[in-house]
1. In this structure, does Ala191 turn out to be within 21 Å of Thr285 (Cβ to Cβ), within 18 Å of the chain's Cα centre (by Cα) and not β-branched (Val, Ile, Thr)?
2. How about region 15-35: which of its residues are farther than 13 Å from Tyr83 by Cβ and not charged (D, E, K, R)?
3. Of the residues that make up region 187-207, is at least one in a helix (DSSP H, G or I), in contact (Cβ under 8 Å) with a residue 60 or more places away in the chain, buried (at least 21 other Cβ atoms within 10 Å of the Cβ) and touching a helix residue (DSSP H, G or I) at 6+ places or on another chain (Cβ under 6 Å)?
4. If I ask for residues that are without any contact (Cβ under 8 Å) to a residue 40 or more places away in the chain and under 34 Å from the mean Cα position of the chain (by Cα), which ones from region 12-43 would you list?
5. Please go through region 33-79 and give me each residue that is among the β-branched types (Val, Ile, Thr) and either part of a helix (DSSP H, G or I) or buried (at least 16 other Cβ atoms within 10 Å of the Cβ) (or both), ordered by number.
6. Take the residues of region 214-228 that are surrounded by fewer than 17 Cβ atoms within 10 Å (Cβ to Cβ) and part of a loop (DSSP other than H, G, I, E, B): which is modelled with the highest pLDDT?
7. Output yes when any residue across region 45-62 is of a type in the set (A, V, I, L, M, F, W, C) and under 18 Å from Asp102 (Cα atoms), and no when none is.
Amino acid sequence: MHKKGSGYDLPIAVGIIAASGQMELPLLDRFIVMGELGLDGSVRNIPGALPIAEMAARIGSLGCILPLESATEACGYDGTDLYGVRNLEDVLRVLSANPCGDLLVRGNDAGNWKEPDSYSGKRDNVMDFSEIVGQETAKRGLEVAAAGGHNVLLIGPPGAGKSSLSRATADILPPMTREEAFQTSKIYSVAGKGFRGGGLMTRRPFRSPHYSASVAALLGGGSDTILPGEVSLAHNGVLFIDELCEAPKSVIEMLRSPMEDRKVTISRLRSKIEYPASFMLIAATNPCPCGHFGDGDKCTCPPHRRNAYLSKLSGPLLDRIDLHLWLKPVNVSELVTRTPRESSAAVARRVVAARQLQAERLKGSGISCNAQMNSRQVQEHCRLSAQCRAFLEKVITDYGFSARACDRILKLSRTIADLSESPEIAIEHISEAVGYRSLDRLGL
């Protein structure tokens with residue numbers, strides 16, 4: 001396997017020292033050694049420390065010797081000893097079996113994972129649900145989306161609260177499990193964005209690339225090293241794309257594959273790599289080019305331009321978005337009175353309870369929420385009574401839903417039932433789920 005990168009400086013250096021007989025290094029073959037080496041003998045930070053530590057444990061190495069900052073980043077993995085070094089002399093101390101306890105960043109038995117609270121508070125500069133005026137229908141839709149991991153499209157005029165609601169939604173998601181935290185932390189480590197404070201990430205990531213971002217920036221890429229893109233950095237979290245209809249068609253359609261496969265494969269002439277990309281998409285768009293359709297008589301766009309604007313979202317893409325939420329301008333009286341509403345913490349408790357039901361139901365299947373179910377699992381876990389089947393058949397016939405949209409409605413219905421702690425899907429759950437497929441019903 002062709003190897004490249006400054007991280008191989010340090011192993012090459014100690015290999016030369018040992019091969020030339022300059023120093024006896026009895027532990028050389030027992031450690032994984034990685035680091036960039038400066039001309040003054042200093043050891044510099046490298047990306048990808050967490051996967052390196054995982055590999056060291058998997059192949060049975062005695063431990064890992066890494067630059068101090070990289071070793072601190074890899075502290076989230078508790079399967080091997082980690083030594084943090086500042087210079088070449090520190091490395092030789094470890095490999096020559098001299099006392100080096102002062103370099104041990106974390107021992108093999110010092111596991112540091114603690115299950116986070118169900119709600120760890122809102123992030124800096126993010127509004128709480130209680131602070132967002134109005135839009136109660138949209139808040140309910142986002143609660144359903146968070147409870148089942150469903151993709152969402154928010155449609156509304158400027159100032160309706162699309163961005164604020166999207167950012168607040170990331171904080172009502174349940175905390176990551178240890179496995180999820182490890183997966184996400186590895187991706188950030190490879191990308192050179194690792195958690196420098198030590199340990200694993202606990203908050204689910206929230207990524208908000210600009211709609212003008214290139215396909216390579218979103219999917220991942222690079223000439224020398226193929227790095228993960230935004231869809232992978234949002235793994236186990238939220239990918240928020242504002243002004244979706246302003247994005248190039250190639251960017252919009254690029255989202256279809258990772259949304260369906262929950263992974264992305266990047267191929268180059270001499271290399272091919274696969275990164276996970278299981279994210280919850282929250283996209284926002286104006287309803288028309290001027291942005292004011294539905295806001296009284298403010299809209300100046302002719303009907304054909306309005307239709308063409310939303311028609312940039314193809315049918316296959318909309319099929320993969322479970323909820324289409326229309327936002328209206330905030331009522332003036334609500335804006336002035338600002339009546340206190342339900343907090344994010346209260347919503348998060350219901351979301352966590354619904355996710356726990358799903359985790360128990362889907363145990364052993366390799367997935368954890370309703371949105372990730374395949375057709376076989378939908379058939380198994382979304383059984384309907386005769387009355388519900390008749391109702392759904394009528395709805396599908398009346399609105400001409402596609403087969404994929406039908407699956408999405410069943411998944412949404414299962415999530416709504418979980419939020420109400422109902423073991424069975426009822427007609428009211430299906431009816432609410434159908435209400436969230438507004439673009440399908442409008443024929444867009």
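The values are calculated or read from the model by the stated rules, or taken from the named source; none is laboratory data. All values derive from a computational prediction rather than experimental measurement. Reconstructed Cβ throughout: ideal geometry from the backbone, glycine too, with neighbour counts over all protein chains shown.
1. Working: within 21 Å of Thr285 (Cβ to Cβ): no; within 18 Å of the chain's Cα centre (by Cα): yes; not β-branched (Val, Ile, Thr): yes.
No: the conditions fail for Ala191.
2. The first filter runs over region 15-35 and keeps only residues farther than 13 Å from Tyr83 by Cβ, leaving 15-26, 28-29.
Gly15, Ile16, Ile17, Ala18, Ala19, Ser20, Gly21, Gln22, Met23, Leu25, Pro26, Leu28 - these are the residues of region 15-35 that are farther than 13 Å from Tyr83 by Cβ and not charged (D, E, K, R).
3. Yes.
4. Within region 12-43, Ile32, Met34, Glu36 meet the criteria.
5. Step one: of region 33-79, the residues among the β-branched types (Val, Ile, Thr) are 33, 43, 46, 52, 59, 65, 72.
Selection gives Val33, Val43, Ile46, Ile52, Ile65, Thr72.
6. Within region 214-228, the subset surrounded by fewer than 17 Cβ atoms within 10 Å (Cβ to Cβ) is 214-217, 222-225.
So of that shortlist, the ones also part of a loop (DSSP other than H, G, I, E, B) come out as 214, 222-225.
Details: Ser214: 88, Gly222: 76, Ser223: 69, Asp224: 71, Thr225: 78.
For region 214-228, the residue satisfying everything is Ser214.
7. We begin by selecting, within region 45-62, every residue of a type in the set (A, V, I, L, M, F, W, C); these are 46, 49-50, 52-53, 55-57, 59, 62.
Those left that are additionally under 18 Å from Asp102 (Cα atoms): 62.
Yes, that holds for at least one residue.
Yes or no, residue by residue, for (1) free of Cβ contacts under 8 Å to residues at least 12 places away in the same chain; (2) β-branched (Val, Ile, Thr); (3) under 21 Å from Lys162 (Cβ atoms):
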residue	(1), (2), (3)
Gly315	no, no, no
Leu318	no, no, yes
Leu323	no, no, yes
Pro329	no, no, yes
Thr337	yes, yes, no
Glu342	no, no, yes
Val352	no, yes, no
Gln358	no, no, no
